[in-house]
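These notes are about the structure you will find just below.
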Amino acid sequence: MRFLIITHVVHKKVGEKFFGYGPYVKEMNLWFNHVDQVAVVAPMTTGHDPDPIDLAYQHEDIRFNKVPEFNTLTRKDQIKSLFTTPLIFFKIMVEMAKADHIHLRCPGNMGLLGAIAQVFFPWKMKSAKYAGNWDWNSSQPATYRFQQKLITSEFWTKNMQVLIYGTWEPMTRNLKSFFTATYSKSEITPCSPRELNGPLRLVFIGGLLPGKRPLISCESLKLLVENGIDARLDLYGEGPERESLEKFIASNGLENHIILKGNQPSHIIKEAFQNSHFLIFTSESEGWPKVVAESMFWGCLPITTAVSCVPEMVGHGSRGLLVNPNPIEVFEQIKTLIDDPQKYHQLSQNAMNWSRVYTLEKFDEEIKNVLAS
């Protein structure tokens, strides 16, 4: 089978290997286990070393078709895209003509062009991984809504399985509730919920971006300290919010309580979950936030916002805490569990029991079913 990926993920070539955002590449390597050849149409930069979170594709037969990275955020970008998108669309069409299975990564600019191009290949087998928030009641860019409508249209889109996070109405015939995974069955080891009678450890993991709201985790930590609770917060990730976070830490004298760890490889993130009591993740928009499932796998209780399928993930409060993006509310929820450690232990155990069902082995089996359909 010749497997084609259309994605907006920016890749880096080092030697003969292609690197990309680690969680995405780790998933795609599972898809590669079941195909003979791989073709990729995506942006790529040269002369850059991989980030600590980047991974390399693992397949013996990969052909990469580099296209320009583009967006339409500014007037200049919009004018530039008038010249770049026809070339990208042509390359996508050529590769789709050669492919046995077309796989789109949505939402995104490349996913949008791929969703349009696949209309011209109704006889081809296809899948689309929609990694964003599928909720029709949420606020989404118009291009995202267009992608949703196009790939689910039974008139325009044929032989397509659309993999989405959560269960939403209406569920058309080509929609399939899906998930993602990080850990293997072999990593399931006995793990008791942490005691709350020592220093409290909080963790934030994600891009330091406005939409991820990392400042709320810092403000929550500040409230804990001000109320006499011995607590520490580690933030893993990089982004434009780093400078404002550094200023917040310095102006509030929290250098001994909040540490910015930057991007770190997966084994360091795993250790962070294993040693922390709470994940603070009050993101504005998500699909299936892997960090929430990962924290639950290790009994690190997530405190998170009710976006996308997150309420389903945390059992509507039975294996995690749902909050508004408000540091006072986060503080109050933590304080309640400090006063009721038995409830914390039960929620943490429930979180582990749920998350440990979604292993890499189960994920691999579901991918195989998609490719065989």
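The values are calculated or read from the model by the stated rules, or taken from the named source; none is laboratory data. For clarity, every value in this text was computed on a predicted model and none was experimentally measured. Here Cβ is always computed from backbone atoms with ideal geometry, including for glycine, and neighbour counts include all displayed protein chains.
Considering only residues of the stretch 146-199 that are in contact (Cβ under 8 Å) with a residue 60 or more places away in the chain and among the basic types (Lys, Arg), which is farthest from residue 21 (Cα to Cα)?
The selected residue is 194.
Return the only residue of 151, 116 being in contact with a Cys (Cβ under 8 Å, 6 or more places away or on another chain), outside the structural domain of residue 297 (by TED's automatic domain parsing) and not in a strand (DSSP E or B). If you could, list the steps in order and put the result at the bottom.
Working: 116 fails: in contact with a Cys (Cβ under 8 Å, 6 or more places away or on another chain).
Just one listed residue meets the conditions, 151.
State whether the residues of the stretch 5-22 include one that is assigned by TED's automatic domain parsing to the domain that holds residue 130, farther than 28 Å from residue 266 by Cα, outside any strand (DSSP E or B) and of a type outside the set (Asp, Glu).
no
Within the stretch 1-26, how many residues turn out to be buried (at least 20 other Cβ atoms within 10 Å of the Cβ) and either free of Cβ contacts under 8 Å to residues at least 24 places away in the same chain or of a type in the set (S, T, N, Q) (or both)?
The number of residues fulfilling the criteria is 1.
Name the single residue that is farthest from residue 307 (Cα to Cα) among those in the stretch 317-341 being among the charged types (D, E, K, R) and part of a helix (DSSP H, G or I). Write out each step before concluding.
Narrowing the stretch 317-341 to residues among the charged types (D, E, K, R): 319, 329, 332, 335, 339-340.
Going one step further and asking which of them are part of a helix (DSSP H, G or I), we end up with 329, 332, 335, 339.
On the way: 329: 17, 332: 20, 335: 23, 339: 28 Å.
Among those that are among the charged types (D, E, K, R) and part of a helix (DSSP H, G or I), it is 339.
When the residues of the stretch 67-107 are narrowed to those that are part of a loop (DSSP other than H, G, I, E, B) and not polar (S, T, N, Q), which ends up modelled with the lowest pLDDT? Quick ask: steps written out before the conclusion?
Residues of the stretch 67-107 part of a loop (DSSP other than H, G, I, E, B): 68-74, 99-100, 107.
Restricting the remaining residues to those that are not polar (S, T, N, Q) gives 68-70, 73, 99-100, 107.
On the way: 68: 91, 69: 85, 70: 78, 73: 65, 99: 98, 100: 98, 107: 95.
The residue in question is 73.
Yes/no per residue for (1) in contact with a Ser or Thr (Cβ under 6 Å, 6 or more places away or on another chain); (2) without any contact (Cβ under 8 Å) to a residue 12 or more places away in the chain:
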position: 60; (1), (2): no, yes
position: 64; (1), (2): no, no
position: 68; (1), (2): yes, no
position: 80; (1), (2): no, yes
position: 88; (1), (2): no, no
position: 95; (1), (2): no, no
position: 105; (1), (2): yes, no
position: 109; (1), (2): no, no
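Within the stretch 306-314, does at least one residue satisfy the condition of being acidic (Asp, Glu), in contact with a Gly (Cβ under 8 Å, 6 or more places away or on another chain) and surrounded by fewer than 17 Cβ atoms within 10 Å (Cβ to Cβ)?
Here is the first cut: in the stretch 306-314, the residues acidic (Asp, Glu) are 312.
Checking which are in contact with a Gly (Cβ under 8 Å, 6 or more places away or on another chain) leaves us with 312.
Pick out the ones that are also surrounded by fewer than 17 Cβ atoms within 10 Å (Cβ to Cβ) and you get 312.
Checked against the condition, which is being acidic (Asp, Glu), in contact with a Gly (Cβ under 8 Å, 6 or more places away or on another chain) and surrounded by fewer than 17 Cβ atoms within 10 Å (Cβ to Cβ), the stretch 306-314 yields at least one hit.
Hey, can you tell me all the residues within the stretch 201-210 that are among the hydrophobic types (A, V, I, L, M, F, W, C) and surrounded by 21 or more Cβ atoms within 10 Å (Cβ to Cβ)?
Restricting attention to the stretch 201-210, the residues satisfying the condition of being among the hydrophobic types (A, V, I, L, M, F, W, C) are 202-205, 208-209.
202, 203, 204, 205, 208, listed by residue number.
Which members of the stretch 191-231 meet the condition of being part of a loop (DSSP other than H, G, I, E, B) and within 25 Å of residue 26 (Cβ to Cβ)?
First pass over the stretch 191-231, keeping only residues part of a loop (DSSP other than H, G, I, E, B): 191-199, 206-209, 213, 227-230.
The answer is 191, 206, 207, 208, 209.
On the given criteria, is residue 289 at pLDDT below 95, over 18 Å from residue 188 (Cα atoms) and touching a Pro at 6+ places or on another chain (Cβ under 7 Å)? Walk me through it before giving the result.
Working: at pLDDT below 95: yes; over 18 Å from residue 188 (Cα atoms): yes; touching a Pro at 6+ places or on another chain (Cβ under 7 Å): no.
Criteria not met by residue 289.
Looking only at the stretch 211-258, count every residue that is surrounded by fewer than 20 Cβ atoms within 10 Å (Cβ to Cβ), within 15 Å of residue 277 (Cβ to Cβ) and in contact (Cβ under 8 Å) with a residue 60 or more places away in the chain and tell me the total.
Total meeting the criteria: 1.
Which members of the stretch 39-66 meet the condition of being more than 20 Å from the chain's Cα centre (by Cα), modelled with pLDDT of 95 or more, of a type outside the set (A, V, I, L, M) and under 19 Å from residue 84 (Cα atoms)?
Result: 64, 65, 66.
Checking residue 284 against (1) in contact with a Ser or Thr (Cβ under 8 Å, 6 or more places away or on another chain); (2) surrounded by fewer than 17 Cβ atoms within 10 Å (Cβ to Cβ); (3) part of a strand (DSSP E or B): exactly one of these is not met. Which one?
The one condition residue 284 does not meet is (3).
Residues that are charged (D, E, K, R), closer than 12 Å to residue 215 by Cβ and in a helix (DSSP H, G or I): does the stretch 264-279 have at least one? Steps first, please.
Of the residues in the stretch 264-279, the ones charged (D, E, K, R) are 270-271.
Right, trim to closer than 12 Å to residue 215 by Cβ and you get none.
The answer is no; no qualifying residue exists.
Please specify each residue of the stretch 119-135 satisfying the condition of being touching a helix residue (DSSP H, G or I) at 6+ places or on another chain (Cβ under 8 Å) and assigned to a loop (DSSP other than H, G, I, E, B).
121, 124, 132, 134
Of the residues that make up the stretch 240-259, is at least one within 16 Å of the chain's Cα centre (by Cα) and closer than 18 Å to residue 52 by Cα? Lay out the reasoning, then the answer.
If we filter the stretch 240-259 for residues that are within 16 Å of the chain's Cα centre (by Cα), which is where we start, we get none.
No.
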